[in-house]
1. Can you tell which of 158, 207 is crowded, with 18+ Cβ neighbours inside 10 Å and touching a strand residue (DSSP E or B) at 6+ places or on another chain (Cβ under 9 Å)?
2. Would you mind telling me which numbered condition in (1) closer than 16 Å to residue 17 by Cβ; (2) at pLDDT below 90 residue 152 fails?
3. Just one of (1) modelled with pLDDT of 90 or more; (2) assigned to a loop (DSSP other than H, G, I, E, B); (3) under 17 Å from residue 4 (Cβ atoms) trips up residue 72, so point out which.
4. Against the definition (in a loop (DSSP other than H, G, I, E, B), outside the structural domain of residue 14 (by TED's automatic domain parsing), over 17 Å from the mean Cα position of the chain (by Cα) and touching a residue at least 24 places away in the same chain (Cβ under 8 Å)), how does residue 204 come out, yes or no?
5. Looking only at the range 61-73, count how many residues are more than 19 Å from residue 37 (Cα to Cα) and touching a strand residue (DSSP E or B) at 6+ places or on another chain (Cβ under 9 Å).
6. Across the range 163-201, what is the total count of residues that are surrounded by fewer than 20 Cβ atoms within 10 Å (Cβ to Cβ) and part of a helix (DSSP H, G or I)?
């Protein structure tokens, strides 16, 4: 690696992010010079090969690979060895899957109930309708907790993708337990906090009264807690849209994250400025 590209190496080696996107302008500002014309045109310039390419050492020696290039616009770097899709992330050794077999048994039982009741519901007698709904309700149990659990796997994957954590504990927190849903510490000592809501808006354009009260409690908890980064995780696109449309004044300094889209799409993460 030549001295010319040392500032890029120093920048990358000092970041904890597993994925980082830099514009061409930002890279040139780091280097204090323009990138060569070939960097604006040819994939070979950004190839992850140290041989004969002095610039490649700037990211590969820092432990990164070039994942995507938009010529003249941006470059996306990914820490080497970091999984690139959710199925890899949630089956990595740091993500625990103990609870999923129990959920699978439940869902298989639900499928069996429907398979055993294939005739139209309205054709059943009252006794048959009652028995089916009663069995279904008893089998499903608290399905909201199951949805929250699955969402927590996405949260853990999101955190693993973006931070180097001392010990990710999202999945250790009991569903519905008091306190923050996410309270993690990075290897450099930075605190990352967050709340999860699986709520879908009751109204056509807003949340219901009880939903608003619950959401505002979560907002206040995040605002009152000191942390380097604060997240509000949601799983419903409509919830994401309503929050950005009507509640930004209560979310200042907080990043609103739509899961699972945010695992792949940066547009599913919106940081509300202070």
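1. Details: 207 fails: touching a strand residue (DSSP E or B) at 6+ places or on another chain (Cβ under 9 Å).
Every option except 158 fails the conditions.
2. Going through the list (1) closer than 16 Å to residue 17 by Cβ; (2) at pLDDT below 90, residue 152 breaks only (1).
3. Condition not satisfied by residue 72: (3).
4. Working: in a loop (DSSP other than H, G, I, E, B): yes; outside the structural domain of residue 14 (by TED's automatic domain parsing): yes; over 17 Å from the mean Cα position of the chain (by Cα): yes; touching a residue at least 24 places away in the same chain (Cβ under 8 Å): no.
No, not satisfied.
5. Narrowing the range 61-73 to residues more than 19 Å from residue 37 (Cα to Cα): 61-65, 67.
Subset that is touching a strand residue (DSSP E or B) at 6+ places or on another chain (Cβ under 9 Å): 62-65, 67.
Number of matching residues: 5.
6. The total comes to 2.
Yes or no, residue by residue, for (1) farther than 30 Å from residue 17 by Cα; (2) in contact with a helix residue (DSSP H, G or I) (Cβ under 7 Å, 6 or more places away or on another chain):
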| site | (1), (2) |
| --- | --- |
| 133 | yes, no |
| 158 | no, yes |
| 184 | no, yes |
| 189 | no, no |
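The values are calculated or read from the model by the stated rules, or taken from the named source; none is laboratory data. Note that the structure is a prediction, hence the values are computed from the model and not measured. All Cβ positions, glycine included, derive from the backbone under ideal geometry; neighbour counts span all protein chains shown.
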